[in-house]
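*Asks:* Could you have a look at this structure, given as structure tokens, before my questions?
Every number in this text was worked out from the coordinates using simple rules, so none of it is lab data. Note that the structure is predicted; figures quoted are calculated from it, not measured. Quick reminder, even Gly has a Cβ in these numbers, built from the backbone with ideal geometry, and neighbours come from all protein chains shown.
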Protein chains: 2
Amino acid sequence: MKIQRIVLITGNAGKMEEFKELIGLDQLQFGYQSLNLPEIQSLDVREIGQFKTREALTKIEELGVFDAVLTDDTSLCADALNGLPGPLIKWFLDRLGAKGLIKLIDDKENGASVTCLLSLGITKNREIIQFEGTVRGKLVSPKGSYGFGWDPVFMPDGSELTYGEMGAAEKNKISHRAVALRKLRDWLVSQLGS
Amino acid sequence: MKIQRIVLITGNAGKMEEFKELIGLDQLQFGYQSLNLPEIQSLDVREIGQFKTREALTKIEELGVFDAVLTDDTSLCADALNGLPGPLIKWFLDRLGAKGLIKLIDDKENGASVTCLLSLGITKNREIIQFEGTVRGKLVSPKGSYGFGWDPVFMPDGSELTYGEMGAAEKNKISHRAVALRKLRDWLVSQLGS
């Protein structure tokens with residue numbers, strides 16, 4: 001069976017439109033659904049994505065109209081914190097903000113990796129396929145006002161700008177999410193053609 | 001129905017014996033069961049305890065021999081980190097150790113609270129009753145070799161010793177777990193007598 005009708009788990013219609021545009025395949029139909037899914041504690045973003053997508057599959061089965069669910073997870077691993085906060089980044093932002101996160105980190109060791117994990121859960125057989133995009137960079141004092149969360153403090157390697165200083169078009173060329181979305185797109189293309 | 005047969009969710013038989021001794025009620029029967037239960041991401045230890053205990057109730061129902069399940073959660077909230085790591089403490093220890101945790105914290109603002117949350121899930125009606133013990137103190141350089149995890153870096157208010165410098169008997173008089181266990185004991189006594 002070809003995967004053509006995909007529901008993105010998000011409360012944000014804009015995010016679905018962005019995904020749709022970035023994937024850019026007219027044969028696909030996208031929907032979105034806001035679900036309050038539990039996220040498990042782990043430093044392994046793949047494990048968190050698996051659990052969440054299994055839950056999403058169970059909830060979405062009732063709707064019966066989608067071929068697959070798509071969930072999106074983010075992880076930010078700081079070298080100076082031995083990989084923390086990882087997928088727990090949202091709690092760090094919640095309590096410390098992006099500025100507080102920077103304060104935890106020594107200037108001398110400001111390397112970091114950011115990861116976008118897309119988990120595609122196939123309704124029919126409950127198989128979960130994951131697509132991961134990781135970008136290396138460094139954590140710096142906040143610059144720029146685009147984006148949200150930690151965007152102003154992450155500067156990807158090879159760039160003089162933080163995510164927060166890049167417009168959407170520029171960021172969408174090089175971001176961790178763009179890398180993961182390209183992998184997802186390639187997979188979707190190959191199965192549509194098969 | 002009186003709660004008399006309680007199963008503690010732990011992989012550690014020693015922990016069950018410790019609980020049994022601290023509660024000290026001969027009318028109760030204790031068992032223990034190692035279950036790999038998902039813990040959800042949250043900074044609210046009560047929410048984590050609720051979710052985990054609901055899962056435990058579902059798994060333990062098959063056994064059919066217990067009146068209640070008991071789960072145990074810990075939270076360590078550092079003032080300097082605006083309440084982090086809270087219930088996420090195990091991931092901080094995993095990546096940074098107790099010494100690394102101390103390094104994140106300014107000497108001038110080393111206050112912290114530690115909480116033990118015991119969640120008692122009643123098999124019959126799936127009600128969950130929670131007992132919380134919180135102790136204030138400060139985070140200091142590691143001292144002492146008793147206990148485990150963050151015990152050597154937590155010094156309760158009113159003491160000159162860290163948990164790591166206290167023997168079990170001394171710690172069991174004043175610890176966050178002792179406070180929670182006394183509340184649980186009072187509840188168990190009152191329902192046994194009713």
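*Asks:* Under the rule a/c < 1.5 gives rounded, and otherwise a/b versus b/c splits prolate from oblate, where does the protein assembly as shown land using the Cα gyration tensor?
*Replies:* In terms of gyration-tensor shape, oblate.
*Asks:* Considering only DSSP beta bridges where both residues belong to the protein assembly as shown, give the percentage that are antiparallel (nearest 5).
*Replies:* Of all bridge pairs located within the protein assembly as shown, approximately 75 percent are antiparallel.
*Asks:* Continuing with the same structure: Would you list B:Trp150, B:Trp91, A:Trp187 from fewest to most Cβ contacts within 10 Å?
*Replies:* Arranged by neighbour count, lowest to highest, B:Trp150, B:Trp91, A:Trp187 become A:Trp187, B:Trp91, B:Trp150.
*Asks:* May I ask you to derive the FRET efficiency for B:Arg126 and A:Gln29 from their Cβ-Cβ distance with R0 = 51 Å, giving the value to the nearest 0.05?
*Replies:* Efficiency for this residue pair is about 0.80.
*Asks:* On to the next question. Please report, for A:Gly111, the nm distances (one decimal) from its label point, 7 Å out from Cα along the beta-carbon direction, to the equivalent points in the remaining copies, shortest first.
*Replies:* 3.9
*Asks:* Additional query: State the Cα centre-to-centre distance between the range B:85-148 and the range A:1-59 in whole Å.
*Replies:* 34 Å
*Asks:* A further question follows. Summing Lys, Arg as +1 and Asp, Glu as -1, what charge do residues with Cβ under 15 Å from the Cβ of A:Glu18 carry, A:Glu18 excluded?
*Replies:* +2
*Asks:* What lysines could a cross-link reach from B:Lys124, if we take a straight Cα to Cα line under 27 Å and drop same-chain neighbours fewer than 8 places away?
*Replies:* Straight-distance partners of B:Lys124: A:Lys59, B:Lys2, B:Lys15, B:Lys20, B:Lys52, B:Lys59, B:Lys183.
*Asks:* I want the local charge near A:Lys171. Using Cβ-Cβ distances under 12 Å, sum +1 for each Lys or Arg and -1 for each Asp or Glu among the other residues.
*Replies:* Once positives and negatives cancel, what remains is -2.
*Asks:* I need the inter-copy label distances for A:Asn12: point set 7 Å along Cα to C-beta, values in nm with one decimal, smallest first.
*Replies:* Those separations, rounded to one decimal, come out as 4.0 nm.
*Asks:* Still on this model: Assuming 0.36 nm per residue, please report the length gained on full extension of the stretch B:Asn36 to B:Asp107 beyond their Cα-Cα distance.
*Replies:* Gain on extension, B:Asn36 to B:Asp107, equals 21.8 nm.
*Asks:* Provide the net charge surrounding B:Pro152, with neighbours chosen by a C-beta distance below 11 Å and charges set as Lys +1, Arg +1, Asp -1, Glu -1.
*Replies:* 0
*Asks:* Hey, another quick one. Could you point to the residue in A:Ser119, A:Trp91, B:Thr74 farthest towards the positive end of the protein assembly as shown's charge dipole, with +1 and -1 charges on the Cβ of Lys/Arg and Asp/Glu respectively?
*Replies:* Going by the charge dipole, the pick is A:Ser119.
*Asks:* Nothing charged except the Cβ atoms of Lys and Arg (+1) and of Asp and Glu (-1): what's the magnitude of the dipole of chain B about its Cα centre? Round to the nearest 20 debye.
*Replies:* 140 debye
*Asks:* Something else now. Putting +1 on Lys and Arg Cβ atoms and -1 on Asp and Glu Cβ atoms, find which of A:Trp150, A:Leu104, A:Gly167 reaches farthest to the positive end of the dipole of chain A.
*Replies:* Final value for the positive-end residue is A:Gly167.
*Asks:* In addition: In nm to one decimal, list the spacings between the A:Leu63 label point and its equivalents in the other copies, with label points set 7 Å along Cα to Cβ, shortest first.
*Replies:* Inter-copy label distances (nm, one decimal, shortest first): 3.9.
*Asks:* Over chain B, what is the percentage of antiparallel beta bridges among all DSSP beta bridges, to the nearest 5?
*Replies:* Antiparallel bridges make up about 75 percent of those DSSP assigns within chain B.
*Asks:* Show me B:43-55, A:30-42 ranked by packing, highest mean number of other Cβ atoms within 10 Å first.
*Replies:* B:43-55, A:30-42
*Asks:* Tell me, what is the percent relative contact order of chain A, built from C-alpha pairs under 8 Å that lie six or more residues apart?
*Replies:* This gives 19 percent for chain A.
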